[in-house]
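A.B. asks: Before I ask anything, here is the structure I am working with.
The values are calculated or read from the model by the stated rules, or taken from the named source; none is laboratory data. Note that the coordinates shown come from a computational prediction; the quantities given were computed from them, not determined experimentally. Here the Cβ positions follow ideal geometry from the backbone for every residue, glycine too, while neighbour counts run over all protein chains shown. Surface areas here come from the heavy atoms of the whole protein model, side chains and all, with no ligands, DNA or RNA. Shrake-Rupley method; radii C 1.70, N 1.55, O 1.52, S 1.80 Å.
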Amino acid sequence: MARVSQEHLDARRRQILDGAARCFARNGFHATSMQDVLKEVGLSAGAVYRYFPGKEDIIAAITEETFAVIRGAFEGAARMTPPPTPDVLLGQVLGRVLAGQVHGLERRTFAALGVQLWSETLRDERLAALLDEAYATMRVVWAKLVDAYRSAGILGSDVLDDHVARTMIATAQGFIVQEALFGDVRPEVVEEGLRGLMSMNHPKIS
């Protein structure tokens, strides 16, 4: 019997994950059955179960990949030297996340899948652990970025690094949700909006 190459195994696994992601994005996790996935990918049950024992394992694998794309965009932006200001930085992050075309999905569909995954972590401890790990990593990376802002003299010392990092992450998450719900989230919108907020003068309190 001919030995199956690793390339073939990887391609088959990719086929399953991409097909399942399309199903989940279209119908949601709970309304999608394994039969739906089998029909979408055009494979037998035995072929799919060779890679994934069940639907929950497919969801976990998609979750890991999706969070990795988002985390990778954050980490890549944080490595830039000198670091761009938050308006430019967040525009670049969202551009990378939404242009990723993960699982062959269009940007709005991918954003919607990400939102579904976030909501699924509220009921699934396994997925929640994956999210916690990704979020903790992003907070550490971006806290270092905030420290770089402070070292460059563009951020004061009266605010904690982690507070700024969490706010920047929340802004990116919010725009991903906007893309999922309404579409038309463009990096230049994010950059211009944040630039406007950052330019506001604090009122003097008498």
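A.B. asks: Taking segment 67-102 as the region of interest, how many residues are in contact with an Asp or Glu (Cβ under 7 Å, 6 or more places away or on another chain) and farther than 21 Å from Leu117 by Cα? Walk me through it before giving the result.
C.D. replies: Taking segment 67-102 as the starting set, the residues that turn out to be in contact with an Asp or Glu (Cβ under 7 Å, 6 or more places away or on another chain) are 87-88, 91, 98, 102.
Filter once more, so that each one left must be farther than 21 Å from Leu117 by Cα: 87-88, 91.
Residues meeting the conditions: 3.
A.B. asks: If you don't mind, another one. Filter segment 165-206 for residues that are surrounded by fewer than 11 Cβ atoms within 10 Å (Cβ to Cβ) and of a type in the set (S, T, N, Q); which is modelled with the lowest pLDDT?
C.D. replies: The extreme case among them is Ser206.
A.B. asks: From the set of residues in segment 114-134 that are among the charged types (D, E, K, R) and part of a loop (DSSP other than H, G, I, E, B), which is surrounded by the fewest Cβ atoms within 10 Å (Cβ to Cβ)? Before you say what the answer is, go through the steps one by one.
C.D. replies: At the first step, the residues of segment 114-134 found to be among the charged types (D, E, K, R) are 120, 123-126, 132-133.
Filter again for part of a loop (DSSP other than H, G, I, E, B), leaving 123-124.
Values: Arg123: 10, Asp124: 18.
Among those residues, the one meeting the criterion is Arg123.
A.B. asks: Condition test on Arg13, is it more than 30 Å from Pro187 (Cβ to Cβ), open to solvent by 60 Å² or more (accessible area, probe 1.4 Å) and in contact (Cβ under 8 Å) with a residue 12 or more places away in the chain?
C.D. replies: Details: more than 30 Å from Pro187 (Cβ to Cβ): yes; open to solvent by 60 Å² or more (accessible area, probe 1.4 Å): yes; in contact (Cβ under 8 Å) with a residue 12 or more places away in the chain: yes.
Yes; evaluated as a whole, the condition is true for this residue.
A.B. asks: Kindly evaluate Ala170 against the criterion of being touching a Lys or Arg at 6+ places or on another chain (Cβ under 9 Å) and more than 27 Å from Asp57 (Cβ to Cβ). Even if it seems obvious, please write down each step before you answer.
C.D. replies: On the way: touching a Lys or Arg at 6+ places or on another chain (Cβ under 9 Å): no; more than 27 Å from Asp57 (Cβ to Cβ): yes.
Here the answer is no, as Ala170 does not meet what is asked.
A.B. asks: Being free of Cβ contacts under 8 Å to residues at least 60 places away in the same chain and within 11 Å of the chain's Cα centre (by Cα) is the filter; apply it to segment 71-101 and report the residue that is surrounded by the most Cβ atoms within 10 Å (Cβ to Cβ).
C.D. replies: Ala73
A.B. asks: In segment 25-44, which residues are open to solvent by 60 Å² or more (accessible area, probe 1.4 Å), closer than 20 Å to Val115 by Cα and of a type in the set (Gly, Ala, Ser)?
C.D. replies: Answer for segment 25-44, where residues must be open to solvent by 60 Å² or more (accessible area, probe 1.4 Å), closer than 20 Å to Val115 by Cα and of a type in the set (Gly, Ala, Ser): just Ala31.
A.B. asks: Would you check if there is a residue in segment 141-164 being closer than 24 Å to Trp118 by Cβ, open to solvent by 100 Å² or more (accessible area, probe 1.4 Å) and free of Cβ contacts under 8 Å to residues at least 60 places away in the same chain?
C.D. replies: no
A.B. asks: Which of the following residues is among the small types (Gly, Ala, Ser), part of a helix (DSSP H, G or I) and buried (at least 18 other Cβ atoms within 10 Å of the Cβ): Ala111, Ala68? Talk me through it step by step, then tell me what you get.
C.D. replies: Working: Ala68 fails: buried (at least 18 other Cβ atoms within 10 Å of the Cβ).
Among Ala111, Ala68, only Ala111 is among the small types (Gly, Ala, Ser), part of a helix (DSSP H, G or I) and buried (at least 18 other Cβ atoms within 10 Å of the Cβ).
A.B. asks: Is it fair to say Tyr149 is hydroxyl-bearing (Ser, Thr, Tyr), under 18 Å from Gly76 (Cα atoms) and more than 17 Å from the chain's Cα centre (by Cα)?
C.D. replies: Numbers: hydroxyl-bearing (Ser, Thr, Tyr): yes; under 18 Å from Gly76 (Cα atoms): yes; more than 17 Å from the chain's Cα centre (by Cα): yes.
For Tyr149, the condition - hydroxyl-bearing (Ser, Thr, Tyr), under 18 Å from Gly76 (Cα atoms) and more than 17 Å from the chain's Cα centre (by Cα) - is met.
A.B. asks: Is it true that Val189 is aliphatic (A, V, I, L, M) and within 30 Å of Glu106 (Cβ to Cβ)?
C.D. replies: yes
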